[in-house]
Amino acid sequence: GDSVTQMEGPVTLSEEAFLTINCTYTATGYPSLFWYVQYPGEGLQLLLKATKADDKGSNKGFEATYRKETTSFHLEKGSVQVSDSAVYFCALIVAGGTSYGKLTFGQGTILTVHP
Amino acid sequence: DAGVTQSPTHLIKTRGQQVTLRCSPKSGHDTVSWYQQALGQGPQFIFQYYEEEERQRGNFPDRFSGHQFPNYSSELNVNALLLGDSALYLCASSGAGGEQFFGPGTRLTVL
């Protein structure tokens with residue numbers, strides 16, 4: 001079946017540090033890949049996405065590149081802010097067949113940024 | 001434009017009871033998906049409704065059932081509650097574009 005594995009957390013950084021959160025996946029078909037963010041007490045918000053190999057998703061200074069050869073979609077940001085503190089989820093969806101519409105999530109990575 | 005709304009925000013039940021959670025999709029969306037997020041875990045897919053029919057289902061027992069109404073809103077029902085059903089229940093709606101937009105969730109506590 002489909003699965004997503006994220007680097008174990010939590011991650012604690014100082015403001016303006018570089019962020020990388022690793023994500024790898026296995027999929028039964030050709031997936032679209034996503035990063036979602038969850039702020040305390042809130043639901044999930046889509047951060048960025050990529051739908052085919054070598055695509056780069058970007059938003060709010062965050063970037064991730066769809067690497068089919070390594071089945072990875074690592075999240076990066078050059079300079080984190082305190083306001084980036086949240087839980088980050090990597091996810092995939094495989095359109096068509098029996099997996100249509102089903103998002104498969106990783107376990108989440110807690111990011112804490114200190115001033 | 002209102003986003004996805006869910007009610008109630010919080011709910012406390014005891015083992016064996018039944019619960020109904022509600023979701024109103026984003027305007028223009030016709031598909032509703034439900035997810036269970038246990039503490040410290042990623043969301044797990046429960047099922048998805050489209051055109052008032054369950055289109056796809058995850059690995060959840062029959063105690064979990066749902067419904068979609070003609071106005072595309074949806075309900076999630078859980079019977080015979082277990083302690084392990086305590087979680088954040090998330091509703092997501094989507095339209096023709098397929099992108100899922102999530103509501104704030106309902107926090108269910110089973111005592």
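The values are calculated or read from the model by the stated rules, or taken from the named source; none is laboratory data. Just so you know, these numbers come straight off a predicted model, no measurement behind them. When we count neighbours, we look across all protein chains shown, and the Cβ atoms used for this are built from the backbone with ideal geometry, even at glycine. These accessible areas exclude ligands, DNA and RNA; they are computed on the full protein's heavy atoms, side chains included. Shrake-Rupley method; radii C 1.70, N 1.55, O 1.52, S 1.80 Å.
Among the candidates B:Glu99, B:Glu52, single out the residue that is in contact with a strand residue (DSSP E or B) (Cβ under 7 Å, 6 or more places away or on another chain) and on the phi > 0 side of the Ramachandran plot.
Exactly one residue qualifies, and that residue is B:Glu52.
Here are some residues: B:Thr14, B:Thr31, B:Thr5. Which one is more than 13 Å from B:Val110 (Cβ to Cβ) and modelled with pLDDT of 95 or more?
B:Thr5
Which one of these does B:Leu81 not meet: (1) open to solvent by less than 60 Å² (accessible area, probe 1.4 Å); (2) within 14 Å of another protein chain (Cβ to nearest Cβ); (3) in contact (Cβ under 8 Å) with a residue 60 or more places away in the chain?
(2)
If I filter the stretch B:93-111 down to residues being facing chain A (nearest Cβ under 10 Å) and hydrophobic (A, V, I, L, M, F, W, C), which single residue comes out as least open to solvent (accessible area, probe 1.4 Å)?
Among those residues, the one meeting the criterion is B:Phe102.
Among the listed residues A:Tyr66, A:Tyr39, which satisfies the condition of being modelled with pLDDT of 95 or more and more than 10 Å from the chain's Cα centre (by Cα)?
Of the residues listed, the single one that is modelled with pLDDT of 95 or more and more than 10 Å from the chain's Cα centre (by Cα) is A:Tyr66.
Go through (1) within 13 Å of another protein chain (Cβ to nearest Cβ); (2) open to solvent by less than 40 Å² (accessible area, probe 1.4 Å); (3) of a type in the set (Ser, Thr, Tyr) one by one and return the number of the condition A:Ser3 breaks.
Condition not satisfied by A:Ser3: (2).
Looking at the stretch A:22-112, what strands (runs of 3 or more DSSP E) fall wholly within it and have at least 2 residues that are surrounded by fewer than 21 Cβ atoms within 10 Å (Cβ to Cβ) and either without any contact (Cβ under 8 Å) to a residue 12 or more places away in the chain or at the interface with chain B (Cβ under 10 Å from one of its Cβ atoms) (or both)?
The strands (runs of 3 or more DSSP E) meeting that bar are A:44-50, A:56-59.
If the requirement is being among the hydroxyl-bearing types (Ser, Thr, Tyr), away from chain A (no Cβ under 14 Å) and without any contact (Cβ under 8 Å) to a residue 60 or more places away in the chain, which of these qualifies: B:Ser27, B:Ser74?
Exactly one residue qualifies, and that residue is B:Ser27.
Return the residue satisfying two criteria in turn: it lies in the stretch B:1-44 and is touching a Lys or Arg at 6+ places or on another chain (Cβ under 6 Å) and open to solvent by 10 Å² or more (accessible area, probe 1.4 Å), and of such residues it is farthest from B:Gly97 (Cα to Cα).
Ranking the candidates gives B:His10 first.
I'm trying to understand the selection: among the residues of the stretch B:48-67, which are away from chain A (no Cβ under 13 Å) and assigned to a strand (DSSP E or B)?
B:Phe64, B:Ser65, B:Gly66, B:His67
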